[in-house]
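Have a look at the structure below before the remarks.
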Amino acid sequence: MKSLEELKKIKDKTKKKTNTEKDTSLTRILVGMSTCGISAGAKPVFDEFNTLIKDKELKDISVTSVGCLGECSIEPMVEVYQNDKRYTYCEVNKEKAQKIFDEHIVNGNVVEDYLIGQYRK
Amino acid sequence: MAKVAKSLNEIKSFPKQTRIALRNCGLIDPSNIDEYIARDGYFALGDILKNKSPKDVVNEIKESGLRGRGGGGFPTGLKWELTAKEKSDRKYIICNADEGDPGAFMDRSILEGDPHSVLEAMAIAGYAIGANQGYVYVRIEYPRAIKRLKAAIKQAREYELLGENIFGSGFSFNIDLRLGAGAFVCGEETALIASIEGERGMSRNKPPYPAQKGLWGYPTCINNVETLANVSAIFNMGAKEFAKIGTENSKGTKVFALAGNINNIGLIEVPMGTTLREIVYDIGDGIDGGKAFKAVQTGGPSGGVITEEHLDTPIDYESLKEIGSMMGSGGMIILDEDDDMVKISKFYLDFTQDESCGKCTPCRIGTKRLYETLEKLIDMNGTPEDLEMLEYLAKSVQKTSLCGLGQSAPNPVLSTLKYFRDEYEAYANRTKRTAYFIEEDVCIGCTKCAQVCPVDCIEGEVKKPHVIDPEECIACGACYDVCPVDAILKP
């Protein structure tokens, strides 16, 4: 890295791929995969989302493993970012991941039963 | 149906938190440096190397009021200044990632969720103090943190954010990992240095301080993971803005690992000055199972307990010390009415006597004797004299031990003695009930307790008061849970 401009280019390029700017058509699925998440079973959930996306040949959607969100007792946690909207699903397992994928990602209906509001005030 | 919180930022505890050290955790892919850069990563380093002198950097950290998050609370800017002042052709910066308090996982989460924030801060610190080499001392018990740190260092080198002539500034800086075997004492600066040098992890006398004579005899600055995770955020938001958060003498935020008997177990980051009551009841959502709050244990084996009467204490370094506990690295264990404080003390002393490096006598033998005395009390073999001896010995170990481990090891005992002396006295006077007990005039003789007792130690005729044999009772609590009229008293 030689200059701040060079750094800024990477920032702008990555922001398009990762950020939740309003005009993006990208859907982002984040799976908490620190030691806490993985020990609660996040790995199969992460793999399931990747498999489902591959099977359906969906575009403009990404699955990312991220660090700990802090709510250790309701892991594995999955966050879905769409435009400026953010949804946090808790205690996700493989079956719940399938349901979130089918109903929310594919059909656009949020799965209220698994949302964080059911677990936290 | 009531509106359901859709995301993390809509739940009740969210507005109480301020995320600085954890700003990227859970939001970026820690294995992708581009995502860190997209959230302004390495811009602080770039700006500093292009536009600021090392002295500017030290002054800005001093102005921010940042203090060591490992527990001691030493002003970070001053630490950097002291190391910067030393004249030497070689200096080192070390990141202390030897997190060892039982129940604490703040540093692990930062290293696993946002490793670049630590690496960037080490480079900034290196520039400020005049070091070209940094080490992250991390315990081998954190394999995932090690893996992610290794990957992050590799990527930073590929981008030339570590290495020679960073940002064309002429400043060169490298970081390597040094793995510890998981000894608690290696979190102490001088023992940590000994461990990196390949020696046995034992502390030594100070002075000389590491800033004067540290790793291989060269000036060394050691900062904790969370402290470093704050650094680039301070430069990005400005030291003045950072100093607006918190209390007069404790600026910024603190990450806590909430554990024990609390509803929302997890990792939180709150501004200094937040009260314990807010943490326990608003963020933690109170005690699990509706039990009564008894105390919060902070600071792990070096800390003490905070009771109901001090729940409204605003959290900062000084106020926690005043009430006999300490900030510590951030472990916070919530205890409820059923927790036995003497047994809690014994748990911590078991830990410290095991982790004592053995170099100095007060710690090596003192902690062992403290542990044995607690054991004697709990086994109902103690006397009131033992209690006096316990207190005297605890104070002696505190005063005469060589390093922080021994000096703070008696804290759990002294702090619980101060607030829960009656529990110790019940053991010392042998009036402590060890078995459950049925109140004769309340019992309706329903036989439920006798049916569930796993050791068949409850006897009585139907519709007549039952009796528990205290010799046989294993204090499992099964009878207590089934009694329909609350006739059973806990030990």
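The values are calculated or read from the model by the stated rules, or taken from the named source; none is laboratory data. This structure is a prediction, so every number in the text was calculated from the model and none was measured. Because the Cβ atoms are built from the backbone with ideal geometry, glycine has one as well, and the counts that use them run over all protein chains shown. Heads up: the accessible areas ignore ligands, DNA and RNA and are worked out on the full protein's heavy atoms, side chains in. Shrake-Rupley method; radii C 1.70, N 1.55, O 1.52, S 1.80 Å.
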Pick from segment B:308-345, criterion buried (at least 21 other Cβ atoms within 10 Å of the Cβ) and not hydrophobic (A, V, I, L, M, F, W, C), ranking: farthest from residue B:66 (Cα to Cα): B:345
Could you say whether any residue in segment A:83-98 is in contact with a helix residue (DSSP H, G or I) (Cβ under 6 Å, 6 or more places away or on another chain) and at pLDDT below 90? no
Identify all residues within segment B:386-413 that are out of contact with any Ser or Thr (no Cβ under 9 Å at 6 or more places or on another chain) and either surrounded by fewer than 22 Cβ atoms within 10 Å (Cβ to Cβ) or polar (S, T, N, Q) (or both); write none if there are none. B:388, B:391, B:392, B:395, B:396, B:399
Tell me, yes or no, whether segment B:255-274 has at least one residue that is over 17 Å from the mean Cα position of the chain (by Cα), surrounded by fewer than 20 Cβ atoms within 10 Å (Cβ to Cβ) and not polar (S, T, N, Q). yes
Can you name every residue in segment B:77-96 that is among the aliphatic types (A, V, I, L, M) and either open to solvent by 20 Å² or more (accessible area, probe 1.4 Å) or touching a Phe, Trp or Tyr at 6+ places or on another chain (Cβ under 6 Å) (or both)? B:78, B:82, B:84, B:94
Of all residues in segment B:61-76, count the ones that are within 30 Å of residue A:5 (Cβ to Cβ) and out of contact with any Phe, Trp or Tyr (no Cβ under 7 Å at 6 or more places or on another chain). 2
Exception for residue A:46 within (1) open to solvent by less than 30 Å² (accessible area, probe 1.4 Å); (2) within 12 Å of chain B (Cβ to nearest Cβ); (3) within 23 Å of residue B:32 (Cα to Cα) falls at (1)
For segment B:452-480 the number of residues that are more than 25 Å from residue B:379 (Cα to Cα) and touching a residue at least 24 places away in the same chain (Cβ under 8 Å) is 3
When residue B:103 is evaluated against the numbered criteria (1) assigned to a loop (DSSP other than H, G, I, E, B); (2) within 14 Å of another protein chain (Cβ to nearest Cβ); (3) buried (at least 18 other Cβ atoms within 10 Å of the Cβ), which criterion, by number, is the only one it fails? (3)
What pairs can you find where one residue is in segment B:78-93 and farther than 15 Å from residue B:66 by Cβ, the other is polar (S, T, N, Q) and open to solvent by 10 Å² or more (accessible area, probe 1.4 Å), and their Cβ atoms are less than 7 Å apart, with a gap of 6+ or different chains? B:86/B:212; B:92/B:133
When residues of segment A:91-121 are limited to those that are closer than 22 Å to residue B:112 by Cβ and buried (at least 21 other Cβ atoms within 10 Å of the Cβ), the one farthest from the other protein chains (Cβ to nearest Cβ): A:97
Can you tell me which condition residue A:2 does not meet? The list is (1) modelled with pLDDT of 95 or more; (2) outside any helix (DSSP H, G or I); (3) within 10 Å of chain B (Cβ to nearest Cβ), and all the others hold. (1)
Please work out which residue is nearest to residue B:108 (Cα to Cα), limiting yourself to segment B:196-220 and to residues that are touching a Pro at 6+ places or on another chain (Cβ under 7 Å) and crowded, with 18+ Cβ neighbours inside 10 Å. B:220
Counting only residues in segment B:165-185 that are over 20 Å from residue B:41 (Cβ atoms) and open to solvent by less than 10 Å² (accessible area, probe 1.4 Å), the one farthest from the chain's Cα centre (by Cα) is identified as B:180
State all residues of segment A:49-80 that are assigned to a loop (DSSP other than H, G, I, E, B) and within 20 Å of residue B:31 (Cα to Cα); if no residue qualifies, say none. A:67, A:68, A:69, A:70, A:76, A:77
Selected residue [at negative phi, open to solvent by 20 Å² or more (accessible area, probe 1.4 Å) and small (Gly, Ala, Ser)] from B:450, B:487, B:435, B:475: B:450
Would you tally the residues in segment A:49-79 being more than 9 Å from every other protein chain (Cβ to nearest Cβ), open to solvent by less than 40 Å² (accessible area, probe 1.4 Å) and within 16 Å of residue A:104 (Cα to Cα)? 7
Got a sec? Which of B:359, B:294 is under 21 Å from the mean Cα position of the chain (by Cα), in contact (Cβ under 8 Å) with a residue 40 or more places away in the chain and open to solvent by 10 Å² or more (accessible area, probe 1.4 Å)? B:294
Enumeration of residues in segment B:176-195 that are more than 19 Å from residue B:404 (Cα to Cα) and of a type in the set (A, V, I, L, M): B:177, B:179, B:181
Selection within segment B:207-235 - among the hydrophobic types (A, V, I, L, M, F, W, C) and in a loop (DSSP other than H, G, I, E, B): B:211
May I ask you to list the residues in segment B:420-445 that are in contact with a helix residue (DSSP H, G or I) (Cβ under 9 Å, 6 or more places away or on another chain) and either part of a helix (DSSP H, G or I) or farther than 17 Å from residue B:471 by Cα (or both)? B:420, B:421, B:423, B:424, B:425, B:426, B:427, B:428, B:429, B:443
Within segment B:127-164, the residues that are open to solvent by 10 Å² or more (accessible area, probe 1.4 Å), outside any helix (DSSP H, G or I), within 9 Å of another protein chain (Cβ to nearest Cβ) and not acidic (Asp, Glu) are B:142, B:159
Quick check on segment B:184-199. Is at least one of its residues of a type in the set (Phe, Trp, Tyr) and either under 19 Å from residue B:75 (Cβ atoms) or within 14 Å of another protein chain (Cβ to nearest Cβ) (or both)? no
Checked segment B:1-53 for anything among the β-branched types (Val, Ile, Thr), more than 7 Å from chain A (Cβ to nearest Cβ) and either assigned to a loop (DSSP other than H, G, I, E, B) or at positive phi (or both); matches are B:18, B:20
